[in-house]
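J.: Please see the structure below; I have some questions.
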Amino acid sequence: MLNLQSHQAISPPPSTRPVLTVVVDTEEEFDWSQPFDRRNVGVSSIAAQPLAHERVFDKHGVVPTYVIDWPVATTPSSIAVLTKLMDEGRCAIGTHLHPWVSPPYTEEVNNFNSYAGNLPRELEFEKLRLLTEAITTNFGRAPKVFKAGRYGVGPHTAEIIAELGYTVDASVVPHTDMSADGGPDFSSHGRDPFWFEAKGQRLIEQPATATYAGLLHRQGPRLHPILLTAPARAMRLPGIASRLGMLERVKITPEGYSLEELKRATRCLVKSGGRFVGLTYHSPSLQPGHTPYVREQSDLDQFLRTLDSYIEFFKEEMNGAVMPSTGYRSALEFISV
């Protein structure tokens, strides 16, 4: 997890409007069920990204941040698509580190090393330095938003991104423990953004929202881990708790969650004082056949309907505002002055 030298929670007053940001994991296509492979560098799905703007983002005033990895950042066709959106003011460009396809290629490709935070500090730094330079060169702007691939931050990640000029991190997924797979443990991280310091710089964490819904949502951080134990799973308690409307964990994404699940979770989040929602998805989901969530055209149509309807719900029922990731940081800096 992030090695934070200073950690300052952000707790806007209840009268503050909720804010939604959108961060897209913009990456190569690969079979999620297979081992990681450096040869998987296809980025044909980048050509499909304008579809989300045409059908959803433009009408809602959403400016997503495309956090891009090495294959995307260095392929002329994908650079052209995203540069056009950026130059039109319809998106921002950030950074997404998939270490297995990002030079230097010195480490063994395996599950443990797919979390960049597990690499030696020098190698994690060099991979991110080269990627940052490629993005700056090819897009004409230095990226300010970082999101670790597979949420794979480690003990050196905070100081590395601070040294390379990043001001926003979006790598935390709250209430989630990936340590059994070799990844970070975010169990102690809640849903709210926070300020932290590294290398003398002040950065903001904007988590990918994972939160709780149901009658017991306020007790979610304490009760949900119990539901995930082997005995509870054997008794099918997670499903029972969800069906009874008692407790469910929901990640705010159109990938794998229904519109009603997203609405329930957001209502509970706002009711309990939450004022930030970080919505995420993977860029290959915009082209059928690349992710488990969008296999056919009908899945893509449903994906876009869910995305559209959720943002409309957030703005209208929740009286929410939409902001780019860096815009949210700037707004909080202004308020805190």
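The values are calculated or read from the model by the stated rules, or taken from the named source; none is laboratory data. The shown structure was predicted, so the numbers you read here are calculated from the model rather than taken from an experiment. Neighbour counts run over all protein chains shown; Cβ positions are idealised from the backbone, glycine included. In case anyone asks, the SASA skips ligands and DNA or RNA and just uses the protein heavy atoms, side chains included. Shrake-Rupley method; radii C 1.70, N 1.55, O 1.52, S 1.80 Å.
J.: When you go through (1) under 21 Å from the mean Cα position of the chain (by Cα); (2) open to solvent by 40 Å² or more (accessible area, probe 1.4 Å) one by one for Leu262, which number turns out not to apply?
T.: The number of the failed condition is (2).
J.: Determine which member of the set Arg233, Arg249, Arg243 is within 21 Å of Tyr281 (Cβ to Cβ) and of a type in the set (D, E, K, R).
T.: Arg249
J.: Given the structure, is Phe125 under 19 Å from Ser171 (Cα atoms), in contact with a helix residue (DSSP H, G or I) (Cβ under 9 Å, 6 or more places away or on another chain) and open to solvent by 50 Å² or more (accessible area, probe 1.4 Å)?
T.: No.
J.: OK, next. Just one of Arg38, Arg17 is basic (Lys, Arg), under 28 Å from Ile311 (Cα atoms), open to solvent by 10 Å² or more (accessible area, probe 1.4 Å) and over 20 Å from the mean Cα position of the chain (by Cα); which is it?
T.: Arg17
J.: Restricting to the stretch 133-187, and then to whatever is closer than 13 Å to Glu205 by Cα and of a type in the set (S, T, N, Q), can you tell me which residue is surrounded by the fewest Cβ atoms within 10 Å (Cβ to Cβ)?
T.: Applying the filter and picking the extreme gives Thr167.
J.: How many residues does the stretch 82-98 hold that are farther than 12 Å from Asn138 by Cβ, open to solvent by 10 Å² or more (accessible area, probe 1.4 Å) and outside any loop (DSSP other than H, G, I, E, B)?
T.: 3
J.: While we're looking at this one, here's another question. Answer yes if at least one residue in the stretch 44-58 is surrounded by fewer than 23 Cβ atoms within 10 Å (Cβ to Cβ), within 21 Å of the chain's Cα centre (by Cα), farther than 25 Å from Phe303 by Cα and modelled with pLDDT of 95 or more, and no otherwise.
T.: no
J.: Quick check on my filter: what residues within the stretch 130-156 are without any contact (Cβ under 8 Å) to a residue 60 or more places away in the chain and charged (D, E, K, R)?
T.: Glu133, Arg141, Arg150
J.: Which helices (runs of 4 or more DSSP H) does the stretch 182-249 wholly contain that include 1 or more residues that are touching a Leu at 6+ places or on another chain (Cβ under 7 Å)?
T.: The qualifying helices (runs of 4 or more DSSP H) are 220-227, 237-243.
J.: Condition (residue is assigned to a loop (DSSP other than H, G, I, E, B) and over 19 Å from Thr326 (Cα atoms)) applied to the stretch 117-140: is it met by at least one residue?
T.: yes
J.: A further question follows. Mind checking which pairs have a first residue in the stretch 76-94 that is under 16 Å from Thr326 (Cβ atoms) and at pLDDT 95 or above and a second that is part of a strand (DSSP E or B) and small (Gly, Ala, Ser), Cβ under 9 Å, 6 or more apart or different chains?
T.: Met86/Ala92
J.: Any residue in the stretch 157-168 that is in a helix (DSSP H, G or I) sitting within a Cβ distance under 7 Å of a residue that is surrounded by fewer than 21 Cβ atoms within 10 Å (Cβ to Cβ)? List the pairs, counting only those 6 or more apart or interchain.
T.: What qualifies is Ala158/Asn3; Ala158/Leu4; Ala158/Phe196; Glu159/Lys199; Ile160/Phe125; Ala162/Lys199; Ala162/Gln201; Glu163/Lys199.
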